[in-house]
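Novice: One structure, as structure tokens, below. Some questions next.
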Amino acid sequence: MSYAPPVDVAAHGSYGPGRAEAARAAGRPVYPFQGRIGSPEFPAVSGRYHLYASWTCPFAGRAVAVLDLAGLRDVVGLSYVDDERDGLGWAFRERRGADPVNGFRYLSEAYDATEPGYAGHYSVPVLWDTETRRIVSNHSTLLTLDLATAFADHAEPTDPDRLRAEVASLTADLHAEFPAATSAR
Ligand SMILES: N[C@@H](CCC(=O)N[C@@H](CS)C(=O)NCC(=O)O)C(=O)O
């Protein structure tokens, strides 16, 4: 496993809106990969798919929350890109760990593997198919919906009390961390 080099904005610039704008200018969806789990191309098979997420992205966080709530941690893989990026986009570094599936150093490699020469936006979350070695979806709404519904045969039965202690502990930590935000209640 290898890591991307440190963020280098001086060399690569910032990750700006340019790639998303290029997609729009080309009349292409900004989130163009929209395969559906449960379709003939992407059947809901345990162990076949991997979610690339980011600690910093609320859309990715929502997909990760669904993995937990649906009891899919052993069904769909999960790893995280680094929290920061330069003009080369999301990357795998020591802070959040290497890419355990493909050994990519940059998430752009997943996009290029799916569509050589891909000129659009490099976003997270990304749902990757380990069998066809391509992105199923980078459309957060659709992929999150599929995670919530398509693996029903594999999901743990929902137990509303299962996460209650963890939620209480996290809530207590958040109140301690942000007393001003919660004291008005
Ligand atoms: N609306 C998007 C949400 C995904 C998104 O906006 N991801 C952001 C992070 S929250 C991203 O990866 N942006 C590229 C970047 O900042 O490098 C979707 O439907 O997938």
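Novice: If I stretch the segment between GLU109 and ASP173 completely, what's the gain in nm (0.36 nm per residue apart, minus their alpha carbon distance), one decimal? List each step's numbers first, then the result.
Specialist: Values: separation 64, 0.36 × 64 = 23.04 nm, distance 3.74 nm.
So the extension gain works out to 19.3 nm.
Novice: Given the convex hull over the Cα atoms of the stretch 56-121, what projected area results after averaging over all orientations, in nm²? Before the final figure, lay out the partial values.
Specialist: Values: hull surface 20.6 nm².
That works out to 5.1 nm².
Novice: Computed FRET efficiency, Cβ-Cβ of GLU84 and ALA10, R0 22 Å: what is it to the nearest 0.05?
Specialist: Plugging the Cβ-Cβ distance into 1/(1 + (r/R0)^6) gives 0.95.
Novice: Also: Treating only the Cβ of Lys, Arg, Asp and Glu as charged (+1, +1, -1, -1), what charge dipole size does the stretch 23-156 show about its Cα centre? Round to the nearest 20 debye. Walk me through the intermediate numbers first.
Specialist: On the way: 13 positive and 17 negative charges, 60 e Å.
Charge dipole, the stretch 23-156, about its Cα centre: 280 debye, nearest 20.
Novice: Rg and Dmax of the stretch 1-89, using alpha carbons, in Å: what are they?
Specialist: Just the Cα atoms of the stretch 1-89 yield Rg and Dmax of 16.1, 45 Å.
Novice: Can you give me the span-like helices of the chain, meaning DSSP H runs with 15 Å or more of Cα extent along the axis and Kyte-Doolittle mean at or above -0.5? The partial results should precede the final answer.
Specialist: On the way: long enough: 58-69 (16 Å, 1.18); 164-177 (20 Å, -0.05).
Once both thresholds are applied, what remains is 58-69, 164-177.
Novice: Per the Cauchy relation, a quarter of the hull surface: what is the mean projected area of the convex hull of the alpha carbons in the stretch 46-180, in nm²?
Specialist: On the way: hull surface 38.9 nm².
Convex hull of Cα atoms, orientation-averaged projection: 9.7 nm².
Novice: A further question follows. I need the peptides 79-85, 162-168 ranked by packing, meaning the mean over residues of other C-beta atoms within 10 angstrom, with the highest value on top. Let's see the in-between values first.
Specialist: Details: 79-85: 20.0, 162-168: 10.7.
Going from most to least packed, we get 79-85, 162-168.
Novice: Oh, and also: Helix-only estimate, please: 222 nm mean residue ellipticity of the chain, summing -39500 (n - 2.57) across DSSP H runs of length 4 or more and dividing by its residues, to the nearest 500. All intermediate terms of the calculation are to be shown ahead of the outcome.
Specialist: Details: 7 runs with 59 residues, N = 185.
Roughly -9000 deg cm²/dmol at 222 nm, from the helical runs in the chain.
Computed from the coordinates by the stated procedures, all read-outs in this text should not be read as laboratory data. Model, not experiment: these values are computed from the prediction. Every residue, glycine among them, receives a Cβ derived from its backbone with ideal geometry; neighbour counts consider all protein chains shown.
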